[in-house]
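Dumping the structure here so I can ask a few things about it.
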Amino acid sequence: MAPVVHFRAAVALAGRFPALAGVDLSLDQGEVVVVVGANGAGKTSLLRACAGLLPVTSGDATVLGVDLTTDHTSVRRYVGLLGHAAPLYDELSAAENVQFAVRALGLPVKSADAALERLGLIGRLRTTPAGRLSRSPRVSWSASARRATSSRSRCSTSVRRPAATDTCKR
């Protein structure tokens with residue numbers, strides 16, 4: 001089975017600045033990875049390249065079988081990047097935020113309902129304005145919107161903050 005993410009000597013430019021310079025990374029389906037580094041080391045640039053938001057200009061780079069060196073935007077159908085702040089309208093409920101995202105992409109509203117149910121966003125959580133909730137439900141809603149707007153899902157990746165007792169290979 002081919003890796004889900006494969007970078008070999010990958011270089012990505014942000015303008016003329018090398019945001020990534022010679023990155024090597026290979027991840028299989030279901031594998032969890034923690035990206036660690038100082039500010040400016042390229043952690044966010046790596047994630048942006050994987051999501052098709054930063055073009056890879058040389059080397060080898062594939063995500064879910066999509067060659068990022070020839071068409072980095074094609075991977076956006078399968079991968080979304082959810083940053084630190086959930087992109088939600090505070091005055092809208094979960095259902096309204098997800099339905100808005102779905103409509104904006106011209107997709108059927110029924111896909112929003114299915115995504116909300118898969119994530120367990122039912123009852124009061126579904127109707128409470130986003131601005132009244134803590135961060136956790138807001139992130140779930142954003143993930144729900146992404147799943148509802150994806151044309152298909154080929155894999156699922158979990159990212160977590162390691163516990164103090166976890167060890168990472170370096």
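Values quoted throughout were computed directly from the atomic coordinates according to the rules given, and no laboratory measurement underlies them. Fair warning: this is a prediction, and the values are worked out from it, not measured in the lab. Heads up, the Cβs are rebuilt from the backbone with ideal geometry, glycines too, and the neighbour counts pull from every protein chain shown.
Tell me whether region 5-77 comes out rounded, prolate or oblate; compute the Cα gyration tensor, take square roots of the eigenvalues as a ≥ b ≥ c, and use a/c under 1.5 as the rounded threshold.
Here region 5-77 falls in the oblate category.
State, to one decimal in nm, how far the label point of Lys110 lies from the label point of Asp60, with both points 7 Å from Cα in the Cβ direction.
4.3 nm
Taking the Cα-to-Cβ direction at Arg132 and at Ala21 and moving 7 Å from each Cα, how far apart do the two end points lie in nm?
Using points 7 Å along Cα→Cβ, the separation is 5.2 nm.
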